[in-house]
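Below is one structure, written out as structure tokens, with a few remarks after it.
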Amino acid sequence: MLTPEQNERLTRVGPGTPGGALLRRYWQPLCAAAELTPEKPRRRIRLLGEDLVVFRTGAGEYGCVAEHCAHRGVSLYHGFVEDDGIRCAYHGWKYAASGRCMEQPFEPKGSTLKERICQKAYPVERLAGMLFAYMGPQPAPLLPRWDVLVREDGRRLIQVSPVLDCNWLQIQENTVDSVHTYYLHAHTLAQLGIPGGEFFYRPIESYDWKPCEWGIDKVLVYGGDRPEVEIRPPLVFPNILRIPQGPKAECLHWRVPVDDTHTRMYVMVFDPTAERSRPGPDEDVPIEILPPVKREDGEYDMTGELGADSKGPSAAVAFYAQDAMAWETQGEVFDRAEEHLGATDRGIAMFRRLLAEQIDLVERGGEPMALVRDPARNEMISFDSTPQWLQENANV
């Protein structure tokens, strides 16, 4: 368990908070690039407790600025996106993507006021049809070129969740909760007579977690009539899960804090079995909006009915709603002083220690783990399916 003070340090994400300072050292997804169109070239985004406007200029440059104009606080979302910036609808002050104030139409000739005004702005980069923002101190690290984002031998799909009503840490801790799949997913579906959870409906003989370069590796050893060692791809620090999606597809899940009590998930799916069109990293990628996790009666869609098609309910949608039930019903910000951890929670305890250590490191002026600064290393970052520690300990 954590003390209330420790829980605050790990969960709060706003400006000036210890946890928020750490998360701002990493590039975070803003939205899918295709969501900005010539007809609607701007979008409101709330990220890490800050209200932002992301836009695409007529010249094709992306910007991300604080929503409220530095002049009188009017929302720039209602402004005019021009070839070289965004202009406030109230008095016409115009800002470049860098936040520099370019024009103040009604100030006296020769006024230098605009030279002293700078709207808060964050760098934006586009990769694999996604827009990412960096909200931390300069110099910014490189935007990681994960293999799922830059491979050219298949197709990609971006999935976007509705906003979830809970703190991001409840979702990310689930990543190292290796045994929850048996009851929350497999047993639930079996009780309902719905196929799709058979893989996880096996005796679990042992489990383990080890720190790795990017975060935490996980292993489960299954028993029964199909004994198997399952290598689960890592928790990528601080808020990414890499996971298989089907027999050969891979995906990355970003658990993006909207604010302290809300989170949005972005999922990039890469399927190498799909038609090979040699997509580049700047392609337009199809977007799928995930269905709501609750039915009209307010109950969680544990059966996957909201994702049903001609073949029946979707196990994948059911898994997503089952997870959401577990995350949201812990409360908006789970009070970890009230929990009682067991042996199966060693991975969760490991992640919390790692998170606390990295927060402390940033507070001391250091650089946290899992940042990328070497361009040669960033051509494409892949994950070995068999962690080195497991190779060296074959009896795990």
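Values quoted throughout were computed directly from the atomic coordinates according to the rules given, and no laboratory measurement underlies them. These figures come from a predicted structure and were not determined experimentally. Every residue, glycine among them, receives a Cβ derived from its backbone with ideal geometry; neighbour counts consider all protein chains shown.
Shown is the FRET efficiency for Asp374 and Asp297, computed with R0 = 51 Å from the Cβ-Cβ distance and rounded to the nearest 0.05: 0.45. Extending 7 Å from Cα along the Cβ direction at Ser98 and again at Phe80 yields two label points whose distance is 2.4 nm. Multiplying the residue separation of Ser206 and Tyr90 by 0.36 nm and subtracting their alpha-carbon distance yields 35.5 nm. Using the Karplus relation 6.51 cos²θ - 1.76 cosθ + 1.60 with θ = phi - 60°, the per-residue 3J(HN,Hα) values for the range 133-149 come to 10, 10, 10, x, x, 8, x, 5, x, 6, 5, x, 9, 4, 4, 4, 8 Hz, with x marking Gly and Pro. With the simple model of a label 7 Å out from the Cα in the direction of the Cβ, Glu39 to Glu107 spans 3.7 nm. Along the range 48-56 the Karplus relation, 6.51 cos²θ - 1.76 cosθ + 1.60 evaluated at θ = phi - 60°, assigns HN-Hα couplings of 6, x, 10, 8, 10, 10, 9, 8, 10 Hz to successive residues, with x for each Gly and Pro. Sparse packing (at most 16 other Cβ atoms within 10 Å of the Cβ) combined with a DSSP loop state is found for the following GluC sites (Glu not before Pro) in the range 1-68: Glu39, Glu61. Dipole orientation for the chain: of the candidates Leu371, Gly331, Cys101, Cys101 has the Cα lying most toward the positive pole (charges on Cβ; Lys, Arg +1; Asp, Glu -1). Each stretch of four or more DSSP H residues adds -39500 (n - 2.57); spread over every residue of the chain, this sum gives -4500 deg cm²/dmol at 222 nm. Amide hydrogen proximity for Arg264: with H placed 1.01 Å from N in the peptide plane, the residues at 5 or more positions away or on another chain lying under 5 Å are Leu164, Val256, Val258. Ranked by how many other Cβ atoms sit within 10 Å of their own Cβ, fewest first, the residues Lys218, Lys40 fall in the order Lys40, Lys218. Taking the chain as the region of interest, the number of lysine pairs whose Cα atoms are within less than 28 Å, with members eight or more places apart or on different chains, is 12.
Dipole magnitude for the chain: computed about the Cα centre from +1 point charges on Lys and Arg Cβ and -1 point charges on Asp and Glu Cβ, it is near 1220 debye.
Around the amide H of Gly85, modelled in the peptide plane, lie the amide H atoms of Gly58, all under 5 Å away and 5 or more residues distant in sequence or on another chain. Applied to the range 347-361, the Karplus parametrisation 6.51 cos²θ - 1.76 cosθ + 1.60 on θ = phi - 60° returns per-residue 3J(HN,Hα) values of x, 5, 4, 4, 5, 5, 4, 4, 5, 5, 4, 6, 4, 4, 4 Hz, with x for Gly and Pro.
Amide H to amide H distances under 5 Å link Arg145 with Ile381, where only residues 5 or more positions off or on other chains count and H is placed in the peptide plane. Basic side chains Lys and Arg get +1 at the Cβ, acidic Asp and Glu get -1 at the Cβ, and with that the dipole of the range 194-234 about its Cα centre reaches some 80 debye. Looking at Ile158, Pro139, Gly193, which one has the Cα that reaches farthest to the positive end of the dipole of the range 106-194 (charges on Cβ: Lys, Arg +1; Asp, Glu -1)? The residue sitting farthest along the positive end of the dipole is Pro139.
Centroid-to-centroid, using Cα positions, the range 185-213 and the range 34-106 are 46 Å apart. Charging the Cβ of each Asp and Glu at -1 and of each Lys and Arg at +1, and nothing else, the dipole of the range 181-272 about its Cα centre rounds to 100 debye.
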